[in-house]
Amino acid sequence: MKIFLKAIAWTHGVIAVALALAALLLLASAVHTAWLALGEGFDGETALTIIEAIGLVAVAIVSLQIAQTIAEEEVIRDAHVSAPTRVRRFLSRFLVVITVALSIEGLIATFKALHEAPEQLYFASALIVAVGVLLAGWGAFIWFNRAAEDVEPEAMEEAKEEDAKLKPRRAPKGGASRA
């Protein structure tokens, strides 16, 4: 069973690396798109192309954040998302990224619809409404599951200790580093 769990952790690591590489490729694509748009001059079309590049950057951020979450939760911590505290923390990290990315995409879709195809504005507004519903659902999830901290306070303390392990140690003031 230990070999199987190690294989799963290794697979999660490979997936995290693949997502990070995808994020870098999306970022390179966004920079390339913006660079080409700027080379054509400053007009409305350039603005829309740059807005599309911002969308690519948003997707790259989502990919990178998901890679970080997978790496921290499944590889570094070797924590299996099964306890209520773990589920809440994992979902919260994931939903922060998704909510921000979808919000940015909704704004980009709104700008594009306003300038290119006003009939698409309904779809853009539906996306923004969906983000609001997602945010409300996430808030309800946290509200209804807050009692889990009372049920398993030791799991919450363990998770906080693991968080402290992941934070980089800072050098004290004066420039000397810790040994």
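The values are calculated or read from the model by the stated rules, or taken from the named source; none is laboratory data. Computed from a prediction, not measured in an experiment: that's the story for all the values here. Cβ coordinates were reconstructed from backbone atoms using ideal geometry, including for glycine residues, and neighbour counts include every protein chain displayed.
So here's what we get for this one:
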{"read-out": "Only one of Leu48, Leu95 that is under 30 Å from Trp143 (Cβ atoms) and modelled with pLDDT of 80 or more", "value": "Leu95"}
{"read-out": "Any hit, region 67-79, residues being more than 29 Å from Asn145 (Cα to Cα) and outside the structural domain of Asp150 (by TED's automatic domain parsing)", "value": "no"}
{"read-out": "Members of region 23-73 found to be under 30 Å from Lys2 (Cα atoms) and in contact with a Ser or Thr (Cβ under 9 Å, 6 or more places away or on another chain), listed by number", "value": "none"}
{"read-out": "From Thr49, Thr110, residue being in the same structural domain as Phe141 (by TED's automatic domain parsing) and part of a helix (DSSP H, G or I)", "value": "Thr110"}
{"read-out": "Where a residue in region 28-45 is modelled with pLDDT of 90 or more and its partner, wherever it lies, is basic (Lys, Arg), with Cβ under 7 Å and at least six apart", "value": "none"}
{"read-out": "Cβ pairs under 9 Å, 6+ apart, first in region 131-150 and free of Cβ contacts under 8 Å to residues at least 12 places away in the same chain, second of a type in the set (D, E, K, R)", "value": "Arg146/Arg88"}
{"read-out": "Subset of region 121-130 (residues that are over 11 Å from Ala109 (Cβ atoms) and surrounded by 13 or more Cβ atoms within 10 Å (Cβ to Cβ))", "value": "none"}
{"read-out": "Qualifying residue in region 71-88 (condition: within 27 Å of Ala113 (Cβ to Cβ) and either in contact (Cβ under 8 Å) with a residue 24 or more places away in the chain or in a helix (DSSP H, G or I) (or both))", "value": "no"}
{"read-out": "Qualifying residue in region 27-35 (condition: farther than 26 Å from Ser125 by Cβ and buried (at least 16 other Cβ atoms within 10 Å of the Cβ))", "value": "yes"}
